[in-house]
1. Rounded to two decimals, what is Rg over Rh for segment B:258-374 when you use alpha-carbon atoms and the Kirkwood radius?
2. Using the count of nearby Cβ atoms within 10 Å as a rough guide to exposure, how do A:66, A:344 rank from fewest to most?
3. With a point put 7 Å past each Cα toward its Cβ, work out how far residue B:210 is from residue B:29 in nm, to one decimal.
4. What does the average come to when, for each residue of peptide A:179-189, you count the partner chain Cβ atoms lying within 10 Å of its Cβ?
5. Using all Cα-Cα distances in the protein assembly as shown, what percent lands in each 20 angstrom bin from 0 up to the longest?
6. Cα atoms only, segment B:20-177: Rg and Dmax in Å?
7. If packing is taken as the mean number of other Cβ atoms within 10 Å per residue, what is the order of A:133-140, B:146-153, highest first?
8. As I understand it, the value is the acute angle between the Cα axis of helix A:325-339 and the longest principal axis of the Cα atoms of chain A; what does it come to in degrees, rounded to 10?
């Protein structure tokens, strides 16, 4: 296509500025964490607190990666049909149950030491969970949201809340009403690079999340389907006139967003070793906060917001105030909405209230 | 649009039969029409009469079989008093969702604030002993103040942000009540709240766990007052402003309506009704704890409003009552009924199904979720729609053309 050389009007802002922002934030966080750790236990000075701060830093990045993966789905769906998809957090929860079901059915319960088998099982778990949740997302869009695309604004929102409760309670009634232990198949190895050490699971999650996000960016900015998504987000009618198949494009958006949430669900099981039918609600709210924080409709911003939320949570738990972390996150949501509704990255949004 | 009705048979014949039918309508129909017209002119009176009739009939209905097999009359009356709490919640939420078209997903937070206000006003925990009746007002005012605090910054934003902010607020409030344990007694909650007193009026003395009657009467009274208040609001200048904002905010603003204050008013009136319900609820249970006010309460209230018919006060109240009774009695009795059938366990593929062991109460939120989605897709105006909603949502092109034709003929 000759059109590929045309000027790209991207849904996302250029990624270099956010990357610089992430690096700057990371340095700031590291200093804050080290400060808190050295302060909270008397024997530790600032320098001797650094290893502990480093572990917490990696923990924060990992948790942030999970939120970022979920936030991407929120922001993509909002960007394209302006719907807060309340059911998205439940997709994440269902994803964790799919991987739990798969891994226990295959008979795994602990770490897999054979590297080849480990890679194979991980690939399978992610592929199955992502495809299944992607399909679930498309089905939800087809059955519940598509017919309401031109209905009053309240209707799809209420439907989304309903779908969220349906998913949550199907798992509650059919699968389990209590906490489920998921197999942590990645061995608990710590890799050390000079003075920097990281455990295998953290490294894996971070690489996976960054890889998925980079792939998503490439997909949105470079492919034909990505271009269809961007143009639908900018102006649905105009895109349709230009020959974009709106229904397919929206379904595709749901597929990609839900697949990312499915991947986050697998990570939840691998990293925390537990899942429960109601994790989706809280995780969804936090991920939505992340999406708003980064600027809703903006995929790079969602990733950035996810990491910020991860850090907020870890900082409050290191501080010994972990029980307030939810209040802090939602307080942040309100503040951002009131003072900077366009998010950190400040993309201009048309107000179509 | 007009093509279909244009090519079809002209609706003159249909109109003709309709008119003759109206002329020769039976006596009861005329009487019903008269009653309707009278009720329309004397709305407050008809609310009082209607609620009084309903509240008088209820205690007798539960004595009839098969209902009398499900519990004593006293149990039922206590249950109706609890149902009344949800009726209050639903008609309050209806102001926000149904009238003004704002989605409030943190409605339980105001319920919690009302309940905790009563707990501070009348319990050994605070050492205060303020009587129940003034506390009703105080609870409503405190809840309304929090509504303004939350609404003032967020109601300027677009509608769906309000949904998420209220959702977050609804999550924070129980978390605060849970974690600020110095002030709220944490997980254990505040116990030993004073029960209301009627000061021997009408021979009523003891509000108590063993005597649910005064609670039942009180809640009917509160509902009646709230009904009258909300009906008058709905027909007032403010009520029309709410509808205008719901339909088209931009148009409403350009007609001179201050959209932020009008929305704020709806939001805080909804919150105050919820606070009122909270005070009553706390006084009846005599205990408040953070886990009573989770998101499921907000969700249940929303399901009641949507099922009943957004914007129709009577419909929403009926929806709340029905949903509450299904939840409290229906599912339990269904479970008992299925169990009594002794259906043998049968195999369904690899699973073995034992219908008798199913706990139907677990299905309630699944049912609410399904109800919300199905209602939005199939019957968005609710089971008991308000006239305005029905005409908005179901005005087919033919009907529109017909009404135009009628206008032309007249």
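1. 1.10
2. A:344, A:66
3. 5.6 nm
4. For peptide A:179-189, the averaged partner shielding equals 0.
5. 15, 44, 33, 8, 1
6. 21.7, 71
7. Descending mean neighbour count gives A:133-140, B:146-153.
8. For helix A:325-339, the angle is close to 40 degrees.
The numbers here are math on the coordinates, done by the rules we state, and not lab data. Just so you know, these numbers come straight off a predicted model, no measurement behind them. A quick note on method: Cβ atoms are made from the backbone with ideal geometry, for glycine too, and the neighbour counts reach across all protein chains shown.
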